[in-house]
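The values are calculated or read from the model by the stated rules, or taken from the named source; none is laboratory data. Predicted model only: the values in this text are computed from it and were never measured. Note: ideal-geometry Cβ built from the backbone for every residue, glycine included; neighbour counts use all protein chains shown. Just the protein is used for accessible areas: all its heavy atoms, side chains included, with ligands, DNA and RNA removed. Shrake-Rupley method; radii C 1.70, N 1.55, O 1.52, S 1.80 Å.
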Amino acid sequence: MIENRTCQNCKARFVIEDEDFAFYAKISVPPPTFCPECRMVRRMTWRNARTVYKRKVLGAENEVYASFSPQSPLIVYEQKHWWSDAWDAMEQGREYDFSKPFFEQLRELMLSVPWPHGYNVNSTNSEYCNNSDGLKDCYLLFNSGFSESSAFGTEVLKSTACFDCTKVYGCELSRDLLDCERCYRTFSCVNCAECTDVYFSTNLTDCQNCFGCVGLRHKKYCVFNKQLTQEEFESFMQNTDLGSYRAKVEANERARKLAIGIPRKFMHGVGNVDVSGNYLDYSKTTKSSFLCRDMENCSYCQLILFMRSRDSYDITVAAGELCYELEEAGGYQVLFSWFAMPKNLESGQISLSHLKYTMGCRDSSHLFACVGLRNKQYCILNKQCTKEEYEKLVPRIVEHMNAMPYVDARGRVYKYGEFFPPELSPFAYNETIAQEYFPLTKDEALAQGYRWRDPDTKHYAITKTPEFLPDHIKDVDDGILKETIGCAHSTSSWQAANGTCLDQCTTAFRIIPEELQFYRKMNLPLPRLCPNCRHYERLRQRNPLKLWHRRCMCKGEKREMRDEKKGYANTATHFHGDKPCSNEFETSYAPERPEIVYCESCYNAEVA
């Protein structure tokens, strides 16, 4: 059975297919009333990945960098104090009140139980990082793990000496990377793997000594997709001033123009079987998912990077089996939960099972509507039950959720089967990853029922504006470490041309010693944007987390191919001969975009 429904949030039509109904029946939940995109955004409003505040918290003498602003209504403990035995969330246990909507009672419990100021465990000399595990000598890394000597990055996994990188795995001595794996001395690159000494390139695999290239495989000594000899390449590099900011901007622009004219595959990813979405790796039978790896039989998922997941729907920054509607959570049969974290990300040990509507719980099972519990089972609203009491009361609560649903300020109805309402989130829209992937202005966010947090007024005494920074790294002395540099997005000329920056701009930034040492060692120019704006600039190079139905653009005509010496000479042979390709697919390239988008068969024949 395939059923068309209207999303109660955006009013758009969406489809629930046979396999979707089968999954919902397997875990005994009703079909969703929000469309997949609105469900995704709703979960993302509960994920503060990168916004931190310097504030006092209970259990710490000095101020810490916390996920929750000083104005947050939550009770916030220093992380180590939160993990200690100095308090017990069971003390906040209460009877279920059948005269009040479920989500009102859960919010009251959420506000009465302490929360850790952040999540940064097993780390050394990396106190300015958050949502991280196993870091050493790192600074301003978020949602990252098991990395060293890196800074200003997100989703930096098992990497060393990487600066300004987003979603990289196994990289070293690199800067300004997006969606790259196992790269060494690679700079200003997107979607590259197994590359060494590569600059300003996109979609390269197993390439060395390449500059400004697009779509190459197993190549060496190429410049803007033209094959050179080793001597010619070395001469080109000697005459290319990599330490100049002006030269960097020019190289980036030339590489971008080259990329527009070269066919690209309809989706990014490797090692996949029967998947739809984008930025997927090593996944099987996965539908409408993005930025994930190691998935099987999953749908509508995002940012699953740390652990394997199977037979799950609608999980974001999560992992597990038979899970549904999770954000920053995981386990076995965990439903409608937030911040229910695995015990050990590196080993894959989760120790969470049979949870529903939980927040901040660890090493527990059979919990319903609980907050901050550890090593517990058979609890409701943080009150201990017997197994028999639990199994008798949970169905009554589910029935009550449907009979007396929570209705939010915009009239959206929350019965059993819905994730937490955004208005209960401790974060404003622009503090969360929802703003990164679905950016809104303040007026737009408020009109859609989200909260907005106006940034704190900054009183930085800017001592150096971007236009007065040295163009070349060789002209930068140690005095730069004492300067407060204005972000280019905060200048009046930029704002006059572009309007107010929506990138959580900090308006100013400093260069740290490790960063300057790296720039000098690798001969790279100083940045002109603050770390937040640099992060958003990288994200804008990604396709949106949406899909459009399209047809392969291969016309069947002979197209010139790269040649080892001449650059362009050979012709491609396609399965459809000289006729247009008839293959269709779901892609995150919108129809109005200028790129040439191919199916996998045509792409492999002509580019790969």
Leaving out same-chain residues fewer than 8 places away, which lysines sit with a Cα under 24 Å from that of LYS136? LYS54, LYS80, LYS158, LYS167, LYS343, LYS521
The range 121-239, Cα convex hull volume normalised per residue, Å³: 72
So I have [x] 21, 53, 23, 3; [y] 18, 51, 27, 3, 0; [z] 17, 46, 32, 5, 0, and one of them is P(r) over Cα pairs in 20 Å bins from 0, in percent calculated from this model. Which one is it? [y]
For the range 99-194, with the dipole built from +1 on Lys and Arg beta-carbon atoms and -1 on Asp and Glu ones, taken about the Cα centre, which of ASN143, VAL113, CYS180 lies farthest toward the positive end? VAL113
Once the in-chain neighbours fewer than 8 apart are removed, the aspartates and glutamates whose Cα is under 17 Å from LYS392 read GLU95, ASP97
Accessible area per residue of the chain at 1.4 Å probe, in Å²? 43
Report, by chain and number, residues whose modeled amide H sits under 5 Å from the one on ALA508, excluding near sequence neighbours (fewer than 5 apart, same chain). CYS487
Would you mind checking which residues have amide H under 5 Å from TYR139's amide H? H placed 1.01 Å from N; only 5 or more apart, or other chain. SER150, ALA151, PHE152
Antiparallel DSSP beta bridges within the chain, as percent of all bridges there, nearest 5: 20
Using +1 at the C-beta of Lys and Arg and -1 at the C-beta of Asp and Glu, which of TYR460, CYS501, ASN523 has the Cα lying farthest in the positive direction of the dipole of the range 413-534? ASN523
Quick one: grab the alpha carbon gyration tensor of the range 366-421, order the square roots of its eigenvalues as a ≥ b ≥ c, and give me rounded if a/c is under 1.5, else prolate or oblate depending on whether a/b is larger than b/c. oblate
For the range 271-320, shape from the Cα gyration tensor axes a ≥ b ≥ c, cut at a/c of 1.5 then a/b versus b/c, turns out rounded
What number, in percent, do you get for the relative contact order of the chain if the mean sequence gap of Cα pairs under 8 Å and at least 6 apart is divided by its residue count? 11
Take peptides 250-256, 433-439, 198-204 and line them up by average Cβ neighbours within 10 Å, highest first, as a rough protection proxy. 198-204, 433-439, 250-256
Report the label-to-label distance for ASP85 and ALA461 in nanometres (one decimal), using points 7 Å from each Cα along the Cα→Cβ vector. 5.1
Within straight-line cross-link reach of LYS11, aspartates and glutamates at Cα separation under 14 Å, skipping those fewer than 8 residues along the same chain: GLU37
Descending packing, highest mean Cβ count within 10 Å first, for 301-311, 489-499 is 301-311, 489-499
Heavy atoms only, probe 1.4 Å: what % of the accessible area of the chain goes to carbon and sulfur, would you let me know? 48
Taking amide H atoms as placed 1.01 Å from N in the peptide plane, list the residues 5 or more away in sequence, or in a different chain, whose amide H sits under 5 Å from that of TRP548. THR587, SER588, TYR589
Going by the alpha-carbon gyration tensor, a ≥ b ≥ c the square roots of its eigenvalues, is the range 426-564 rounded (a/c under 1.5) or, if a/c is not under 1.5, prolate (a/b greater than b/c) versus oblate? oblate
Whole-Hz Karplus couplings 3J(HN,Hα) for the range 278-293, θ = phi - 60° and coefficients 6.51, -1.76, 1.60, Gly and Pro as x, run 7, 6, 10, 9, 6, 10, 9, 6, 10, 10, 6, 10, 9, 6, 10, 8
Rounded to the nearest 20 debye, dipole of the chain from Cβ charges on Lys, Arg, Asp, Glu: 820
Hey, can you rank 592-603, 419-430 by average C-beta count inside 10 Å, highest first? 419-430, 592-603
Among the listed pairs LYS356/LYS546; LYS219/LYS248; LYS100/LYS356; LYS220/LYS248, which are separated by more than 26 Å between their Cα atoms? LYS356/LYS546
So for the range 405-498, if I pair up every lysine 8 or more residues apart or on another chain, how many of those pairs have alpha-carbons under 22 Å apart? 5
Tell me, what is the FRET efficiency for LYS442 and TYR65 to the nearest 0.05, using R0 = 35 angstrom and their Cβ-Cβ distance as r? 0.90
Rounded to the nearest 20 Debye, what is the dipole magnitude of the range 144-198 about its Cα centre when Lys and Arg each give +1 and Asp and Glu each give -1 at the C-beta? 60
Scalar couplings 3J(HN,Hα) for the range 495-505 by Karplus 6.51 cos²θ - 1.76 cosθ + 1.60 (θ = phi - 60°), nearest whole Hz, x for Gly and Pro, are 5, 5, 8, 10, x, 5, 6, 9, 9, 6, 4
